[in-house]
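Heads up: the structure comes next, in structure tokens.
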Amino acid sequence: MIGTSVVFNGVLIPASMLTAALARYVDNLSIWNDHEIYKVSLVGSTVPIKFAERYFVLCTNHQLRGCQPENVSLLGRDGKMLITSAGVRHFNDDSNPYYLDLAAFDFTEPCEARQELKERFFALREVPPDCPATDIVFAVVAGFPSGKQRYELEEKNHIGKVKRIVVCRPEPASYDPALLCLRAEEPLDFDPNGMSGGSAFVVQAVAGEFRAYFAGLVVTGGKDQFHIIKAGHIWRFLRTLV
């Protein structure tokens, strides 16, 4: 794809800038603690999504075990400030298997109060068209593995955010039709713990051109593969919230 460009949410992105562009929309999932020094716990990754003029932070339910949902937060760009949601939260309906392990937190109110927050949210306007795996050129998975974060609260009241980006190829099939299985081009050189809730984007060949799409949310990961909740199921989940 050297020398080509890819259409991404209506914008033409040069191939040389594509991986960084596709890995942009992911963040640390933070939990506020009522503690003088250790104010924040990190519980993996999250995808901030703008959908129908609302702003949601998406993650998986299993990331929230032992946490108070009302304390879910985003870290400021400086690694110091915490931004909490408006207190509105939604969880998957366990009777509907397509929603799987999804949770959403409504950040519309803080986004309206802090305009700079909005640029961190991906505007979800479409989902990838159904296609055989051979039409997916590659995928980009991004997240914040727990072992790579610089937890410096005691010394500096600061958390250093370290993102990892993994280029993947699609597997022909998954054990669950609601999931997309992606295999890393190279085995990971880090522990994938903390990648849950991370983002996945794909580049597909569509009608003679290359187009990039939000593919879904990381639900499980290993040393060489990730399972992704497909974007279509996330879209249907979000439609029930707006």
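Quick note: the coordinates plus some simple rules give every number you see, no bench work behind them. Note that the structure is predicted; figures quoted are calculated from it, not measured. Neighbour counts run over all protein chains shown; Cβ positions are idealised from the backbone, glycine included.
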**Contour minus Cα-Cα distance for Glu209 and Lys148 (0.36 nm per residue)** = 18.3 nm
**Asked** What full-extension length gain, to one decimal in nm, is calculated for Ile165 and Arg114 as 0.36 nm per residue of separation minus the Cα-Cα distance?
**Response** 15.6 nm
**Request:** Measure off 7 Å from each Cα along the Cα-to-Cβ vector at Asp224 and Thr84, then give the distance between these two points in nanometres to one decimal.
**Result:** 4.5
**Prompt:** Under a plain spin-label model, where a point goes 7 Å from the Cα along Cα-to-Cβ, how far apart in nm are Ala20 and Asp191?
**Reply:** 3.0
**Message:** Give me Ile13, Ile234 sorted ascending by neighbouring Cβ count inside 10 Å, so fewest comes first.
**Reply:** Ile13, Ile234
